[in-house]
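Peer 1: First the structure, then my questions, so here it is.
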Amino acid sequence: MNDKIIPGLDLAIKSIYCIGRNYAEHAKELNNPLPTSPIVFLKPQSSICFDDDEIIIPTQSSDVHHEVELVIAISKKGKNITESDAIEHIEGIGIGIDFTARDIQQKAKEAGHPWSVAKGFDTFAPISRFVPVNKNIDLENIDLELSVNGVKRQSGNSSQMIFSIASLISYLSEIFTLYPGDLIFTGTPSGVSSIQSGDRITASLGKNLTSLTVTVK
Ligand code: ZN
């Protein structure tokens, strides 16, 4: 498989890191305790798809949820990045949806098993066109929103994150060497819910920074 390219940036996608329970209201709605350090999982590159694509509900699940998330694209190789240097390692930002087979995830949680299956199906990680970061974008104060068939289901702001974007980059880089083209899904605000065949889902970032529309097959 050839590497997929991040739309809007001239970068091939490498590892796809995701953060769980990074908004208090979302942790609460699923009856999860607040984390004391970031909860990290990965998605496979095969789960990536793009604006206008169709989302496939797998036969293995009857309860797939949308999770709208701000997504970071990493610009350069880094290990043990400090929070104050973290911004220099961001090439751009976009909006993405971390689709989750909630029924499979619930069973995995109860059994103490990994989340890879619940999070990793084909089309479970659509991403928008990315925009380069600049001084006019305040990463600590960006709105994110998701609507299903024109009805708003999720809205949040990056200021509500338990672990900031800079702290996530620093934390991940203490474990993994980060590379250009790595993506970080930074967690979802509250309002997650089931998707159905035929749904049209739109996610947007900031004041018209970028957006993503997908339909459920
Ligand atoms: Zn998520």
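The values are calculated or read from the model by the stated rules, or taken from the named source; none is laboratory data. No experiment lies behind these values; they were computed from the predicted model shown. Virtual Cβ from ideal backbone geometry, glycine too; neighbours counted across all protein chains shown. Protein only, heavy atoms only, side chains kept; ligands, DNA and RNA dropped before computing areas. Shrake-Rupley method; radii C 1.70, N 1.55, O 1.52, S 1.80 Å.
Peer 1: Would you say Asn2 is within 12 Å of the ligand (Cβ to nearest atom) and within 25 Å of Gly92 (Cβ to Cβ)?
Peer 2: no
Peer 1: Which residue, of Asp98, Asp138, Asp103, Asp143, is surrounded by fewer than 18 Cβ atoms within 10 Å (Cβ to Cβ) and closer than 15 Å to Asp63 by Cα?
Peer 2: Details: Asp98 fails: surrounded by fewer than 18 Cβ atoms within 10 Å (Cβ to Cβ); Asp138 fails: closer than 15 Å to Asp63 by Cα; Asp143 fails: closer than 15 Å to Asp63 by Cα.
Checking each option against the conditions leaves just Asp103.
Peer 1: Turning to a different aspect of this structure: For region 111-122, does any single residue satisfy the condition of being within 21 Å of Leu42 (Cα to Cα), more than 14 Å from the ligand (Cβ to nearest atom), open to solvent by 70 Å² or more (accessible area, probe 1.4 Å) and of a type in the set (Val, Ile, Thr)?
Peer 2: Yes, some residue in region 111-122 is within 21 Å of Leu42 (Cα to Cα), more than 14 Å from the ligand (Cβ to nearest atom), open to solvent by 70 Å² or more (accessible area, probe 1.4 Å) and of a type in the set (Val, Ile, Thr).
Peer 1: Enumerate the pairs (first residue in region 16-33 and within 12 Å of the ligand (Cβ to nearest atom); second residue anywhere and modelled with pLDDT of 95 or more and acidic (Asp, Glu)) with beta-carbon separation below 7 Å, excluding pairs fewer than 6 apart on the same chain, so at least 6 apart or on different chains.
Peer 2: Short answer, once both residue conditions are applied: Tyr17/Asp182; Cys18/Asp98.
Peer 1: Oh, and also: Residues being more than 17 Å from Glu83 (Cα to Cα), charged (D, E, K, R) and either free of Cβ contacts under 8 Å to residues at least 60 places away in the same chain or within 16 Å of the ligand (Cβ to nearest atom) (or both): count how many of those fall in region 136-189.
Peer 2: Going through region 136-189 one residue at a time, the tally reaches 3.
Peer 1: Only one of (1) over 30 Å from Lys79 (Cβ atoms); (2) within 14 Å of the ligand (Cβ to nearest atom) fails for Ala125. Which number is that?
Peer 2: So Ala125 meets the others, but not (1).
Peer 1: Which fully enclosed strands (runs of 3 or more DSSP E) of region 2-90 have 1 or more residues being closer than 15 Å to Gly181 by Cβ and touching a Cys at 6+ places or on another chain (Cβ under 8 Å)?
Peer 2: Working: elements: 16-20, 39-43, 48-50, 68-74.
The qualifying strands (runs of 3 or more DSSP E) are 39-43.
Peer 1: Failed condition for Thr36, given (1) out of contact with any strand residue (DSSP E or B) (no Cβ under 7 Å at 6 or more places or on another chain); (2) of a type in the set (Val, Ile, Thr); (3) open to solvent by less than 50 Å² (accessible area, probe 1.4 Å), with all others met?
Peer 2: (3)
Peer 1: I would also like to ask the following. Which one is farthest from Leu42 (Cα to Cα) among residues in region 179-213 that are assigned to a loop (DSSP other than H, G, I, E, B), open to solvent by 50 Å² or more (accessible area, probe 1.4 Å) and of a type in the set (Gly, Ala, Ser)? Walk me through how you get there before you give the answer.
Peer 2: Of all residues in region 179-213, those assigned to a loop (DSSP other than H, G, I, E, B) come to 179-182, 186-193, 195-199, 206-209.
Then drop every residue that is not open to solvent by 50 Å² or more (accessible area, probe 1.4 Å), which leaves 179, 196-198, 207-208.
Adding the requirement that they be of a type in the set (Gly, Ala, Ser) leaves 197-198.
Values: Ser197: 26, Gly198: 28 Å.
Residue satisfying both the conditions and the ranking: Gly198.
Peer 1: Oh, and also: Could you list, in sequence order, the residues of region 91-119 that are part of a helix (DSSP H, G or I) and of a type outside the set (Val, Ile, Thr)?
Peer 2: Here is the first cut: in region 91-119, the ones part of a helix (DSSP H, G or I) are 102-111, 116-119.
Scanning region 91-119 gives Arg102, Asp103, Gln105, Gln106, Lys107, Ala108, Lys109, Glu110, Ala111, Ser116, Ala118, Lys119.
Peer 1: From Ser47, Ser61, Ser75, Ser84, grab the single residue that is among the polar types (S, T, N, Q), more than 16 Å from the ligand (Cβ to nearest atom) and surrounded by 16 or more Cβ atoms within 10 Å (Cβ to Cβ).
Peer 2: Numbers: Ser47 fails: more than 16 Å from the ligand (Cβ to nearest atom); Ser61 fails: more than 16 Å from the ligand (Cβ to nearest atom); Ser84 fails: surrounded by 16 or more Cβ atoms within 10 Å (Cβ to Cβ).
Unique residue meeting the criteria: Ser75.
Peer 1: Only one of (1) part of a strand (DSSP E or B); (2) open to solvent by 20 Å² or more (accessible area, probe 1.4 Å); (3) not hydroxyl-bearing (Ser, Thr, Tyr) is not met by Phe163, so which one is it?
Peer 2: All conditions pass for Phe163, except number (1).
Peer 1: Now a separate question. Out of Arg153, Arg129, report the one residue that is on the phi < 0 side of the Ramachandran plot, surrounded by fewer than 20 Cβ atoms within 10 Å (Cβ to Cβ) and under 14 Å from the mean Cα position of the chain (by Cα).
Peer 2: Numbers: Arg153 fails: under 14 Å from the mean Cα position of the chain (by Cα).
Going through Arg153, Arg129 in turn, the sole match is Arg129.
Peer 1: Here's another thing I want to ask about it. Which of the following residues is within 18 Å of the chain's Cα centre (by Cα) and under 20 Å from Asn134 (Cα atoms): Pro114, Pro44, Pro7, Pro35?
Peer 2: Working: Pro114 fails: under 20 Å from Asn134 (Cα atoms); Pro44 fails: under 20 Å from Asn134 (Cα atoms); Pro35 fails: under 20 Å from Asn134 (Cα atoms).
Result: Pro7 is the single residue among Pro114, Pro44, Pro7, Pro35 that is within 18 Å of the chain's Cα centre (by Cα) and under 20 Å from Asn134 (Cα atoms).
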